[in-house]
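First comes the structure, then the notes that go with it.
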Amino acid sequence: EELEKLKEAVEDRKKLIQGLRGKPWPMKQKLVTLRESQEFVEKYEGALGKGKGRKFYAYKVMMTKKWMKFQRDFENFKTACIPWEMKIKEIEHFGSSVASYFLFLRWMYGINMILFGLTFGLVMVPEALMGRPYGSIPRKTVPRAEEGSAMDFAVLWDFGGYAQYSVLFYGFYNNQRAIGWLKYRLPLSYFLVGVGTVAYSYMVVIRRMARNANEGGVGDDNSFNFSWKMFTSWDYLIGNPETADNKFASITTSFKEAILEEQESRKDDNIHLTRFLRVLANFLVLCCLAGSGYLIYFVVRRSQKFTLDGLENHSWWERNEVNMVMSLLGMFCPMLFDVISALENYHPRVALQWQLGRIFALFLGNLYTFIIALMDEINVKSQREEEKIVKYNITMWEGSLYNGTLSENNTAAPITVHPADVPRGPCWETMVGQEFVRLIISDTMTTYITLLIGDFLRAVLVRFLNYCWCWDLEAGFPSYSEFDVSGNVLGLIFNQGMIMGAFYAPCLPALNVLRLHVSMYLQCWAVMCCNVPQERVFKASGSNNFYMAMLLVILFLSTLPAIYTIVSIPPSFDCGPF
Amino acid sequence: MGTTASQLGKDTLSEYQELTFLTKQEILLAHKRFSELLTKDEKDIPNIRISLERILTLPELKSNPFRKRICHVFSTSEHKDGSLTFEDFLDLLSAFSDSATMEIKSHYAFRIFDFDDDGTLDSDDLQKLVNCLTGETDETRLTPEEMRQLITNILEESDIDKDGTVNLSEFQHVISRSPDFVSSFKIVL
């Protein structure tokens, strides 16, 4: 009886100790309570241990203590291990919206690391270690015709030559069922890794969304508008005076706007004109989107023609036309949308959402047009015919080797033919993989170059030309650039969508990891050195789930083409694991 | 008992870890930054109190419009002068840390906004609050008309029992629905 009561008292004290940090008491009071409770627990735990099972009880108590200590140490260790923690803390002084972009970048980096681990460890390494080495079978060797130029830098940069015939691309993999001494089933693992990548990405995004929804409370609830502005608008992370001044200005503007809006929400003037202007703006945007889609389709078709003519006859621009056009469109169209949205006269937060939605549609349209144009190139009928022709050629060629005698049981002495001399079948999967890789690289290059020119060069010009220029460069045009959080986040999301082409090029996650790594450092440096804090700070608040939702949509839409091609187009006979 | 010898004892360190939301590295960093504010002779005195002016030289607090209120709320000094010992400083960092709960943040936020320390937010408190938020210069302040309108709107939204003031539970009710609060109510060294 009494023992029970005592046990309960001890448990209560333990719970109190655990809850102490959440109590709003001053430290002295907490320390006193802690020490008292700890003494009590120690004294009576000894007493409770009397009688049967005393040793076991004491042991259990000691293990619990050790476990708690271990947990605490592990938490400390985990925080020490998080990459870039110090860097992000420095950026947090700029305000939490810029920091939120870098937190997102770090999370993406984590996902890509895992995807990289999967593809590298389960597909690339086994093939490299246990599969037939380079040069042993035809599909793994550079054809004799191309051998001369296979090592040229220009060819390698384009991912042709030796890079094409390596573990980086789909075409290298053999269709043997099991390889090496481990009897590792490569084709099965290739397929499963592909499926696993997609499944993992979905799972991670959905889990994040669920967690956000839990913590974030109600998303767009407008019922406490003014109170929230009052109580939660200050960002306590701000540590430098410039950002603080900007924040003051933006809070004041936001108060004044909100008050005005409250008063004007009764008024109703000129709604027809506004509606007409908005419809006009949307129509213009649709025209832009259609125009850019057509441009991409046209350019991809042209590049097909160029390849047929032989690539050496054309200039560098014509060879890389597709990628350049896509990147340039991605750079200039958002600006165009910005200008058009001036017609619409929305509240800034709503305008931002429209802008993001349109940029999203632009990127999506571009990606899909690109994929459709590619699929046109892999036109099934012409592929079949080409395959038939090549198969016929191979039999003729083999026949010529055996001097016209094809023995019945095929145990004639194998004539050693160098694999490079065997005629090769077409391999559209590697071509698709190559196109994706080129797209990602040019996208990365464009981002970095825009960063350097748009931010760094601009800052340098403004700073130094200001002394000898007629108007104040720092206050008016062009002034220093702001860090565009939403644009950058969208870029990251689309980047991830493109990685889903990884089924045809196992090297894509590796490339992406590299790219994100470099981006982190480059953009951190750019933010701290050339950017000024944003003037209108729009907390990407309920938008947390907005971005996650976009990511989910992109993942889904980019796995669609891959699934479609797997299901409808038969794989090349001379290429890859299937 | 308190510390400000040049090293934190291992036992004290683990007690602080138990009683705050901070990790070991954060506590050690806080100790380092706190000791940097001390002069040479003060470094050996245990339980030393640092005055308000010196605390406000920390860059994390310097640009904050509520810096004086924050120090007053966390100070345990009998003179009510806003001076902080190291343990008060740890309390401050713990309430503003990433892992602190919504309850503790909203509790302290309420006390910070309560300028006259009477346990409720009346319209005077709200007015001072708005003036803090809109900055020091004249061009950023609101006109009296706008101020009146704003405070009426706020009381309409948050004052549930219509007594003209916002008490702790009404405040917590409003704040807990906000998606921004936990992420913006953060200070990191």
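Taken as a whole, the range B:36-57 holds no residue that is on the phi < 0 side of the Ramachandran plot, within 10 Å of chain A (Cβ to nearest Cβ) and not polar (S, T, N, Q). Restricting to the range A:223-246, name every residue that is within 7 Å of chain B (Cβ to nearest Cβ), over 10 Å from B:SER178 (Cα atoms) and β-branched (Val, Ile, Thr). The answer is A:ILE238, and nothing else.
Quick check, is A:GLY239 surrounded by 15 or more Cβ atoms within 10 Å (Cβ to Cβ), at pLDDT below 75 and either closer than 20 Å to B:GLN149 by Cβ or within 33 Å of the chain's Cα centre (by Cα) (or both)? So A:GLY239 fails the test.
Counting only helices (runs of 4 or more DSSP H) that sit wholly inside the range B:72-189, those with at least 1 residues that are among the basic types (Lys, Arg), within 11 Å of chain A (Cβ to nearest Cβ) and open to solvent by less than 40 Å² (accessible area, probe 1.4 Å) are B:102-113.
A:GLY121 meets each of the listed conditions (1) modelled with pLDDT of 80 or more; (2) not in a helix (DSSP H, G or I) apart from (2).
Scanning the range B:39-71 for residues that are part of a helix (DSSP H, G or I) and surrounded by fewer than 18 Cβ atoms within 10 Å (Cβ to Cβ) gives B:ASP41, B:GLU42, B:LYS43, B:ASP44, B:LEU52, B:GLU53, B:ARG54, B:PRO59, B:LYS62, B:LYS68. Restricted to the range A:30-45, and to residues there that are free of Cβ contacts under 8 Å to residues at least 12 places away in the same chain and out of contact with any Lys or Arg (no Cβ under 8 Å at 6 or more places or on another chain), the residue that is least open to solvent (accessible area, probe 1.4 Å) is A:LEU31. Restricted to helices (runs of 4 or more DSSP H) entirely inside the range A:345-451, those with at least 2 residues that are modelled with pLDDT of 70 or more and closer than 30 Å to A:GLY291 by Cα are A:348-377, A:428-450.
Looking only at the range A:3-25, filter to residues that are in contact with a helix residue (DSSP H, G or I) (Cβ under 6 Å, 6 or more places away or on another chain) and within 21 Å of B:ASP88 (Cβ to Cβ); which one of those is surrounded by the most Cβ atoms within 10 Å (Cβ to Cβ)? Checked the range A:3-25; the qualifying residue surrounded by the most Cβ atoms within 10 Å (Cβ to Cβ) is A:ARG21.
The values are calculated or read from the model by the stated rules, or taken from the named source; none is laboratory data. For clarity, every value in this text was computed on a predicted model and none was experimentally measured. Neighbour counts are summed over all protein chains in view; Cβ atoms, including those assigned to glycine, are modelled from backbone coordinates with ideal geometry. With ligands, DNA and RNA removed, areas are computed over all heavy atoms of the protein, side chains included. Shrake-Rupley method; radii C 1.70, N 1.55, O 1.52, S 1.80 Å.
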